[in-house]
Amino acid sequence: MARTAVSGRLIWRVATLATIRDETATARTLSFDVPDWPGHLPGQHVDVRLTADDGYSTQRSYSLASDGGIELTVQKVDDGEVSPYLSSVLKVGDPVELRGPVGGWFVWRPTDTAPVLLVAGGSGIVPLMAMIRARQAAASRVPFRLIYSARTPADVIYANELRLPAGGLDVHYIFTRNGTGRRIGVADVNTHGWPADFEPDCFVCGPTGFVETVADILVALGHQPRKVKTERFG
Amino acid sequence: MSFVDGNALAGPLGEIFAVDVTVATSQCASCGRTGPLAVLHVYAKAPGFVARCPGCDAVVMRLVRTPEGATVDMRGCVTLRIPLPL
């Protein structure tokens with residue numbers, strides 16, 4: 001497994017779609033076969049490149065959802081050119097170009113010992129789920145707290161896995177379009193996060209506005225900016 | 001306009017450099033702020049990548065990839081400190 005910062009120069013590899021699993025009405029998980037996959041750390045991502053017959057090429061980054069294999073969870077409703085193709089057109093056995101794993105900043109290592117706060121907005125749960133799965137796989141006792149903002153309960157990705165979380169993982173949901181839906185606020189982060197005195201590692205992933213809001217709240221609550229790591233979709 | 005984090009540069013820069021430069025510390029030429037490349041604000045919908053300082057919004061780095069090569073403009077970056085334990 002590639003567990004160091006020093007890797008080789010990055011190249012595109014051909015990945016083959018192996019399985020498709022529906023997570024919600026709008027999200028599905030694609031698992032790929034990639035020859036000679038070097039392994040990855042939870043939180044890392046890959047770039048996926050599609051090339052049309054006329055040579056036009058486009059690419060997008062996706063977080064790895066899994067601890068071991070290569071699994072990407074894609075929202076069908078995302079704008080752009082790559083997600084609709086991955087979620088609706090690509091069939092089992094089809095190839096795509098992929099490079100990675102990349103990104104050494106937004107990662108959690110099973111050897112880390114600080115308490116962890118994960119804050120997800122929508123499909124921002126994906127890299128955070130990789131951390132939760134790695135924690136479980138390593139039988140780590142590091143206490144995790146997850147605050148997960150989704151539109152409705154039906155939009156919760158990995159709902160079954162999160163329903164009975166492993167010991168030491170607390171899960172709190174915020175629903176933004178469920179009757180009295182509301183956005184995440186200071187009280188949510190204060191009540192369901194960790195006190196800043198505990199110096200937790202905070203990982204925030206979601207749309208740009210969501211990440212901005214949560215990162216500002218965490219810093220206002222006294223967390224050191226360097227302990228608040230963010231991953232925005234744009 | 002919406003931006004993403006410097007994390008998004010890991011792939012494009014990984015194509016050029018042998019180490020993960022997103023964990024390297026850069027210093028902004030405009031305001032002197034230091035921090036990992038991973039926290040720069042990256043505008044990816046331009047013809048290339050434009051990475052701006054989260055403190056003062058000045059351009060720290062630009063990266064353009066063409067079929068023939070890559071151009072990295074680093075005039076907004078005073079230094080780049082790369083973790084390289086011996």
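Rule-based calculations on the coordinates, nothing more; no lab input. What you see is a predicted model, and the numbers here were worked out from it, not measured in a lab. Every residue, glycine among them, receives a Cβ derived from its backbone with ideal geometry; neighbour counts consider all protein chains shown.
How long are the three semi-axes of the equivalent ellipsoid of the stretch A:1-102, in whole Å, if each is the root of 5 times an eigenvalue of the C-alpha gyration tensor, listed from largest down? Write down the numbers at each step before the final one.
Numbers: eigenvalues 92, 55, 30 Å².
Equivalent ellipsoid of the stretch A:1-102: 21, 17, 12 Å, largest first.
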Asserting the computed 222 nm helical MRE of chain A (DSSP H runs at least 4 long, -39500 (n - 2.57) per run, divided by residue count, to nearest 500) equals -4500 deg cm²/dmol
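When A:C202, B:C31, B:C77, B:C53 are ordered from fewest to most other Cβ atoms inside 10 Å of their Cβ, what list results? Walk me through the intermediate numbers first.
Numbers: A:C202 27, B:C31 12, B:C77 21, B:C53 24.
Fewest to most other Cβ atoms nearby, the residues stand as B:C31, B:C77, B:C53, A:C202.
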Partnerless cysteines (no other Cys beta carbon under 4.7 Å) identified across the protein assembly as shown are A:C202, A:C205, B:C77
In degrees, nearest 10, the alpha-carbon axis of helix A:208-220 is tilted away from the dominant principal axis of the alpha carbons of chain A by 30 degrees
Listed by chain and number, the lysines with an alpha carbon less than 21 angstrom from that of A:K91, same-chain partners under 8 positions apart left out, are A:K76
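Return a whole-number percent for the relative contact order of chain A, with Cα pairs under 8 Å and 6 or more residues apart as the contact set.
Values: 478 pairs, mean separation 43.3, N = 234.
The normalised contact order for chain A reaches 18 percent.
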Taking the square root of 5λ for each eigenvalue of the C-alpha gyration tensor of the stretch B:4-81, the equivalent ellipsoid has semi-axes, largest first and in whole angstrom, of 19, 13, 11
The whole-number value in µm²/s of the Stokes-Einstein translational diffusion coefficient for the stretch A:23-69, with Rh from the Kirkwood sum over alpha carbon pairs at 4 °C and 1.567 mPa s, is 101 µm²/s
Relative to chain A, whose Cα atoms define the longest principal axis, helix A:125-137 and its Cα axis are tilted in degrees, nearest 10, by 80 degrees
If each part is reduced to its alpha-carbon centroid, the stretch A:25-47 and the stretch B:22-86 end up apart, in Å, by 26 Å
With N residues in the protein assembly as shown, Rg(alpha-carbon) / (2.2 N^0.38 Å) equals 0.96
Using the Kirkwood radius over Cα pairs of the stretch A:116-232, the Stokes-Einstein translational diffusion coefficient at 10 °C and 1.306 mPa s, in µm²/s and rounded to a whole number, is 112 µm²/s
